[in-house]
1. Placing +1 on the Cβ of each Lys and Arg and -1 on the Cβ of each Asp and Glu in the protein assembly as shown, which of A:Ile147, A:Ala106, B:Gln127 has its Cα farthest towards the positive end of the resulting dipole?
2. Send over the semi-axes of region A:98-222's equivalent ellipsoid, whole angstrom and largest first, taken as the square roots of 5 times the C-alpha gyration tensor eigenvalues.
3. How many angstrom lie between the C-alpha centres of region A:204-274 and region A:147-192?
4. Hey, what angle do you get for helix A:2-21 against the long axis of chain A, alpha-carbon based, 0 to 90 degrees rounded to 10?
5. Add -39500 (n - 2.57) for each DSSP H run of 4 or more in the protein assembly as shown, then divide by its residues: what number comes out at 222 nm, to the nearest 500 deg cm²/dmol?
6. Helix A:235-249 sits at what angle to the longest principal axis of chain A, using alpha carbons and giving 0 to 90 degrees rounded to 10?
7. Determine the dipole magnitude for chain A: charges of +1 sit on the beta-carbon of Lys and Arg, -1 on that of Asp and Glu, nothing else is charged, the reference point is the Cα centre, and the result goes in debye to the nearest 20.
8. Nearest 10 degrees is fine. How inclined is helix B:99-121 to the longest principal axis of chain B, computing both from alpha carbons?
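Quick note: the coordinates plus some simple rules give every number you see, no bench work behind them. The structure displayed is predicted, hence computed values, not measured ones. All Cβ positions, even for glycine, are placed from backbone atoms using ideal geometry, and neighbour counts span all protein chains on display.
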Number of protein chains: 2
Amino acid sequence: MSSHLTERADVTAFRRFSRYFTARTGVLSDRYLGLARPLGQARLLFELGEATGLGELRRRLEIDAGQLSRMLAALQAQRLVRLSRDPADRRRRVVELTARGRRERAEQQRRADEVAERLLSALPPEQRAELTGALTKAERLLRLAVIELRPLDPASAEARYCLTAYATELAARFPEGFEVSDLLTADQLSAGRGRFLAAFEEERPVGCGAVRTLQPGVAELRHLWVAAQARGAGLGRRLLRALEAEAAELGHHTVRLGTHEVLGEAIGLYRRCGYREIPRYSADPHNHLWFERPLTGPGPSPDPAVYRPAHGPATG
Amino acid sequence: MSSHLTERADVTAFRRFSRYFTARTGVLSDRYLGLARPLGQARLLFELGEATGLGELRRRLEIDAGQLSRMLAALQAQRLVRLSRDPADRRRRVVELTARGRRERAEQQRRADEVAERLLSALPPEQRAELTGALTKAERLLRLAVIELRPLDPASAEARYCLTAYATELAARFPEGFEVSDLLTADQLSAGRGRFLAAFEEERPVGCGAVRTLQPGVAELRHLWVAAQARGAGLGRRLLRALEAEAAELGHHTVRLGTHEVLGEAIGLYRRCGYREIPRYSADPHNHLWFERPLTGPGPSPDPAVYRPAHGPATG
DNA sequence: GCAGTTCCTTGACTTTCGTCAAGTAATTTT
DNA sequence: AAAATTACTTGACGAAAGTCAAGGAACTGC
């Protein structure tokens, strides 16, 4: 089927790019920039920003504890970092760049910039701008791709965190205000009656959404929220599509939703994603517009039933 | 000045992307995919396609002769490659993957595909297509950026190669035919009277173009050629901008050119790049349209005088 | 307050990577 | 045909990277 072929082509394009990019720039940036330092130490120096706990560093760089310990000792001997104990837990140690370390790091960055600049300087301004645009867009979408969508127990602490953030925001934006009591209860979403999805960026919740059965065949989408710091990446759309897929999996053929007139971005999103305005179908006092989208009919995007959201970690 | 700021922003965007991309996927693809093999051997296995001479391999991977020798011995012991002597010069040796080696390589590729697919599968089809589009565009532009533009002696073998390829193509496309004798002579382009630029992709000529003085302040652009295998990347535009910069450097304020009515792509390029059609200014029998562009006036692109083409190797 | 954990350091390796120099066989130059 | 050069292998070694286990100090849970 055609969507499978499309997927193959995407994978191929991604891999081609990845190979080309690492071959072209990866080599340079690694070897070159480390000054006279072994790669491991250079990488460490580069990764060090604010004062960091060794544990976090170890997790980030996936490095053996012993190795890290020795590398830091070497950097300390060169007076590039300062090690101290964490006052809160004196087993823990904290690394920090010294002034000299910061200078070295700046020099590293400068060299990396230089390599990038030499590459870019070959292009006339218009094409350079095109490249920058493409890379920025690609980065935004990659960032979006690594955000994990997971179904969550609506009674869980994480779900509550998302819903509270959502309610707080609505309270600020709706002229009439908004109360946590206006939300669906966990009970109304639990097994059989609906689903709750949350989006995690590096294990921190940055979005959510719920579907629940409205009548046989028809689901209602509610509480679509994207945290302020995660906006502009397309997460709203991704959540929307994933919620539609959940609805389809629950056996529905149509999704409806109601929204508030002040939520301009959301209204735009629904319109762009194939939703059509329909007459009022609910009595929710916070709703002024109602939308609907068929899950199987023709729309501006491929059949969402084909898109299977990953349940569980994406990189596990 | 504003163009400098733009450039900084481009460098920053490039570096941001580079960092993010290598952190996100580079690590995975290196570590993971090599199965249980050391990185060097995995890389070697990956790089081996057709039967390859060791010398070429050494040059490509920038690896010490001794190291390569030992790595290949290790791979041979695992029956992944076959070593034989080059019949033409029996000092030379040639590596080739065995059937088993090819299987291993395919497995490596499959894993890489899997990683890519897992990442991409998080995105709904529309956003996946957007990402693929952005990456494809970025790759095209990166490829374009590493094509080197060099001024060449128009009498050199490489220049002659380009011009012959250009003439051959015109001969096939023009109904009236085209002769090498219709080209400018090296003499007409040599020092003081004009400049000849050639584009090299990995040291192979893939395009060219010339400017020469038509009258004080006015340059003529001629013989703009892009090899068939390098088309679609934007090289025509890059050459055009570089030739304009050369003209500006020679002290001209205007560039003119004439072209043949069958050269649709070229005509489109000139139009997109700020050229306006003007009345006939030359008697060249192969020309049907004439164009002109001021080098200092306002145009759809920033002042080309700001863009300094790199003379000499870009990664030197 | 004591056993069990956690966080980190140290010691004792092995493997891999990278470099130099000596050596051998084939080829080219003189 | 001898000398020089080229293409590769082999030996020797040092530095870096990676692994495992033992141990000490600080914290946690009962």
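1. Highest projection toward the positive end goes to A:Ala106.
2. Details: eigenvalues 403, 77, 47 Å².
After diagonalising the Cα gyration tensor, the semi-axes are 45, 20, 15 Å.
3. 13
4. Roughly 20 degrees between the two axes.
5. On the way: 22 runs with 293 residues, N = 632.
So the helix-based figure for the protein assembly as shown works out to -15000 deg cm²/dmol.
6. 50
7. On the way: 49 positive and 40 negative charges, 306 e Å.
That gives a dipole near 1480 debye.
8. 70
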